[in-house]
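Here is the structure we will look at.
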Protein chains: 2
Amino acid sequence: MSSPQRRTTIKDVAELAGVGVATVSRVLSGGSASAETRERVLDAATKLDYRPSALGRNLRQQRSGGIALLVPDITDNFYARLADGVLSCARSYGEPVTIGVTGDDPEQEADLVGSLLEQSMDRVVAVPSGDGEMWAPALRAGLSVVFADRRVWRAPGQQRVLAEVPAVLADDRAGVRTAVEYLTGLGHRKIGFLARHGQSHRMQAFRDAVGDALDEELVVPARASRDSAYAAAAGLLQRRPDVTAVLTGDNMLGEAAVLAARELDVRIPRDLSLVMFDDVPWAELCAPPLTVVAQPAQDIGYRAAELVMRQGRRPRTVTLPTQLIVRGSCGPRR
Amino acid sequence: MSSPQRRTTIKDVAELAGVGVATVSRVLSGGSASAETRERVLDAATKLDYRPSALGRNLRQQRSGGIALLVPDITDNFYARLADGVLSCARSYGEPVTIGVTGDDPEQEADLVGSLLEQSMDRVVAVPSGDGEMWAPALRAGLSVVFADRRVWRAPGQQRVLAEVPAVLADDRAGVRTAVEYLTGLGHRKIGFLARHGQSHRMQAFRDAVGDALDEELVVPARASRDSAYAAAAGLLQRRPDVTAVLTGDNMLGEAAVLAARELDVRIPRDLSLVMFDDVPWAELCAPPLTVVAQPAQDIGYRAAELVMRQGRRPRTVTLPTQLIVRGSCGPRR
DNA sequence: ACTGCTCATGGAAACGATTCCATCAAAGTT
DNA sequence: AACTTTGATGGAATCGTTTCCATGAGCAGT
């Protein structure tokens, strides 16, 4: 019936305004033009309801706009909030956001980076997994990357280029220290720490915080799945009934710890004190309400997105404060 | 130092293989070619590590690949799982996913749809808010849309085009009915229902399920924010101390109900029975563990993405089953 | 041997924007 | 008056791919 709805292009606008396409382009992207021409062009554009096609622009400038975001798991409330921050910043720039989930797996991450290159996306906010070696070629290819929540494991021979990637992080070190001090203040001496592989920095911070009292057996790593988290938590509690307090590196491990304790009939906070990294909405609904180290997840995302948009200023690493929120999951050692 | 790293193009491959660019394109996209040429081209492509630029392709085909996903709130666990489903399906097609959050606001949604058009994205999975009028022009512009979790409010004079949009839904009606039957089975007669504006279909299902016993004052709507949810929950409990059971239309309202009850010293399940729509991980950690109507969120996303990818078959609406999971938040009326 | 057919192939057009460059007029400088 | 400078302007090139179309080779049927 109706014609196939050809898109109105810059050519149509130029024709209606009686000018060349170059002039239209200039006017619309803020170049110089006489007041009269400008008005004619703007008029024509609104009359035709013209919206420039991102496709043409992208091809010409050899880059597609928008921000790519790589997170380990979008169903994790922490990363969801981080994503929300990125989305909210991107929206203020009018840029679309493409999301990929890595599952904390370097291989999948490399795949996704490949796909970004294919799309000529050149702005990425990423929560890196693994040692980040796959990032080096991408950086050389002109990608501008900002790390969020973690930076890459810095091996001794690591390429310099990686060290220069800006990052927006929560102050893990201070967060862990505060939590540990809080627990030792309550009399606890045998404190366990549950962390995922991606959280080696928190693991290290924990080791530093407990200092001489460190018992390496109490620092237990988990893979990035619910099952693995539960296994790690239950394993620790069974293997070492002498631990009186546990700190977890993220909310999934916190959940696992609560479940495992409940299953093993270990009462919180009577038999076990628990501090969880990241304040999720349910922490308050839990029985008992959980004492947590809150992180500004949304802020982390927002700031990271801001950094990746302003490539002008040489960006540096930003560290945002954490906060210990005391609820009901910790008690004195008994 | 090193050259500015020009991207290797199809031309380079053609040159190295000693054929024309058209042939390279055909080979790479599965067109016909002699076995020998095919091999030469493939060889050259791998030797040069050639990856076709999505930019060129997109411009030529007048559409950028990928799937767009519009959800009200990515930090809501339900939509996060839905998004995860979409992402997982999209990945199996090798397609990138662009996410936008609408905040359940038709205006923001319209903005986002506009931005999609600008990007020439033509495949959208959306959780629509409002009456969906802004979708009609988009559909006419050739967008293929699949609704997830909800369909649009169907006003009497609604355009036919909207009624033909395929949708993937949870079986709300059955879920609500099962929950209501469960509660009445426990002796409850005054059952409250908390729902967000976007959940009018569940609201209607609730009205139908309680039938004659309907007390319109017990059906209370909330806006899409934590505060509004809390206000609605607290309001209901204060205004009508005679309600002995509450069903909530989503998890945020469930959270609000728990909090409000706790604040008002209404004990669950002794004084109030609570059933929440959507089984989130924390439902089990809550005190008491919440009885829920579980929805296959990830599946909904996956199937919706599948539908939007296969535009070949005329797609129809899919309804996925819900399941009542009884935990500890309901008791007999006292 | 001629005709008709299929099939592989490459040149060139197309997609829609930005941007280089040449042109031209008007204003300013000597 | 002759020159330079400035600024607006439009034509054309460009980005990398897909696809239309013409060409020519090979082959079978008569």
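The values are calculated or read from the model by the stated rules, or taken from the named source; none is laboratory data. Bear in mind the structure is a predicted one, so any value in this text is a computation, not a measurement. Positions of Cβ are generated from backbone atoms using ideal geometry, with glycine treated the same way; all protein chains shown enter the neighbour counts. Note: accessible area is taken over every heavy atom of the protein model, side chains too, but ligands, DNA and RNA are not part of it. Shrake-Rupley method; radii C 1.70, N 1.55, O 1.52, S 1.80 Å.
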Review point. Which of B:PRO106, B:PRO96, B:PRO281 moves the most in a Gaussian network model of chain B with Cα springs under 10 Å?
Key: B:PRO281
Check your understanding: Based on the Cα gyration tensor of region B:172-295, what are the three equivalent ellipsoid semi-axes, each the root of five times an eigenvalue, rounded to whole Å and given largest first?
Key -> 18, 16, 15
Review point. Expressed as a rounded percentage, what relative contact order does chain A have, with Cα pairs under 8 Å and six or more residues apart?
Key: 17
Review point. Average projected area of the Cα convex hull of region B:212-280, in nm²?
Key: 4.7
Check your understanding: Over region A:10-52, what per residue volume does the convex hull of the Cα atoms give, in whole Å³?
Key -> 55
Practice item. Kindly provide the helix-only [θ] at 222 nm of the protein assembly as shown, computed as the sum of -39,500 (n - 2.57) over DSSP H runs of four or more divided by all residues, to the nearest 500 deg cm²/dmol? Key: -13000 deg cm²/dmol
Practice item. Give me the distance in nm between label points sitting 7 Å out from Cα along the Cα-to-Cβ direction at A:ARG6 and B:ARG223, one decimal. Key: 4.6
**Study point:** Inverse of mean 1/r across different Cα pairs in region A:244-284, Kirkwood, Å
**Key:** 10.2
Review point. Mind checking the alpha-carbon convex hull of region B:107-247 and giving the volume per residue in Å³?
Key: 117
Check your understanding: How much area per residue is accessible in region A:172-295 when the probe is 1.4 Å and only protein heavy atoms are counted (Å²)?
Key -> 38
Review point. What net charge is computed for the residues neighbouring B:ASP242, neighbours being all others with C-beta under 13 Å from the C-beta of B:ASP242, Lys and Arg scored +1, Asp and Glu -1?
Key: +3
Study note, to complete from the structure: Counting Lys and Arg as +1 and Asp and Glu as -1 over every other residue whose Cβ sits under 15 Å from the Cβ of A:ALA229, the net charge comes to -4
Revision key, fill the gap. Note: probe point = Cα of A:ASP215 + 7 Å toward Cβ; backbone nitrogen < 20 Å; residues of region A:245-280 passing the test are A:245-249, A:257-258, A:260-262, A:264-276
Practice item. Please state the charge dipole magnitude for the protein assembly as shown, taken about the Cα centre, from unit charges on C-beta atoms (+1 on K and R, -1 on D and E), reported in debye and rounded to the nearest 20. Key: 1080
Study note, to complete from the structure: Projecting the Cα atoms of A:ALA283, B:ALA256, A:LEU143 onto the charge dipole of the protein assembly as shown, where Lys and Arg contribute +1 and Asp and Glu -1 at Cβ, the residue farthest towards the positive end is A:LEU143
Study note, to complete from the structure: Using alpha-carbon coordinates alone, the radius of gyration and Dmax of region B:245-334 in Å work out to 16.8, 56
Revision key, fill the gap. Taking the chain alone as reference and the full protein assembly as comparison, with a 1.4 Å probe on protein heavy atoms only, the residues of region B:252-268 that lose at least 30 Å² of accessible area are B:GLU255, B:LEU259, B:ARG262
Point to revise | Note, ³J(HN,Hα) from phi for region B:237-250, Karplus 6.51, -1.76, 1.60, rounded to Hz, x at Gly and Pro | key: 5, 6, 5, 10, x, 7, 5, 10, 8, 9, 10, 10, x, 7
**Study point:** Euclidean distance between Cα centres, region B:87-126 to region A:283-334, Å
**Key:** 29
Revision key, fill the gap. Here the gain from full extension of B:TYR93 to B:ARG316, 0.36 nm per residue of separation minus their alpha-carbon distance, amounts to 78.2 nm
Practice item. Taking only Cα atoms and a 10 Å spring cutoff, compute GNM fluctuations for chain A and point out the largest among A:ARG60, A:ARG270, A:ARG150. Key: A:ARG60
Exercise for review: Between copies, how far apart are the A:PRO321 label points? List them in nm, one decimal, shortest first, with each point 7 Å from Cα toward Cβ, please?
Suggested key: 5.3
Check your understanding: Taking accessible area as the heavy-atom solvent-accessible surface of the protein chains with a 1.4 Å probe, which residues of region A:82-106 lose no less than 50 Å² upon going from the isolated chain to the full protein assembly?
Key -> A:LEU87, A:ARG91, A:PRO96, A:ILE99
Practice item. May I ask which residue of A:THR184, B:HIS201, A:ALA14 lies farthest towards the positive end of the charge dipole of the protein assembly as shown, with charges of +1 (Lys, Arg) and -1 (Asp, Glu) on Cβ and the Cα centre as origin? Key: A:ALA14
Review point. Shortest first, in nm, what separates the label point of B:ARG223 from those of the same position in the other copies (7 Å along Cα→Cβ)?
Key: 4.6
Review point. Restricting attention to the alpha-carbon atoms of chain A, what are Rg (one decimal) and Dmax (integer), both in Å?
Key: 25.4, 86
Check your understanding: Under a GNM of chain A (C-alpha, springs under 10 Å), which listed residue has the highest mean-square fluctuation: A:ALA35, A:ALA256, A:ALA234?
Key -> A:ALA35
Review point. For the pairing of chain A with chain B, what total accessible surface becomes buried, with a 1.4 angstrom probe, in square angstrom to the nearest 100?
Key: 4000
Point to revise | B:LEU48-A:LEU324 FRET efficiency (beta carbon distance; Förster radius 56 Å; 0.05 resolution) | key: 0.55
Practice item. Putting +1 on Lys and Arg Cβ atoms and -1 on Asp and Glu Cβ atoms, find which of B:SER129, B:ALA44, B:VAL86 reaches farthest to the positive end of the dipole of region B:6-132. Key: B:ALA44
Practice item. Using Cα pairs closer than 8 Å and at least 6 residues apart in sequence, work out the relative contact order for region A:10-52, in percent. Key: 44
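Report the extension gain between B:VAL21 and B:GLU118 in nm, rounded to one decimal, defined as 0.36 nm multiplied by the number of residues separating them, less their alpha carbon distance.
32.0 nm
Rounded to the nearest 20 Debye, what is the dipole magnitude of region B:172-295 about its Cα centre when Lys and Arg each give +1 and Asp and Glu each give -1 at the C-beta?
Values: 14 positive and 17 negative charges, 22 e Å.
Using only the charged Cβ atoms, the result is roughly 100 debye.
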Review point. What does the convex hull of the Cα atoms come to per residue for region A:211-251, in Å³?
Key: 80
Study note, to complete from the structure: Against the 2.2 N^0.38 Å rule of thumb, the C-alpha Rg of the protein assembly as shown sits at a ratio of 1.06
Check your understanding: How big is the C-alpha Rg of region A:24-160 next to the rule-of-thumb value 2.2 N^0.38 Å, as a ratio?
Key -> 1.34
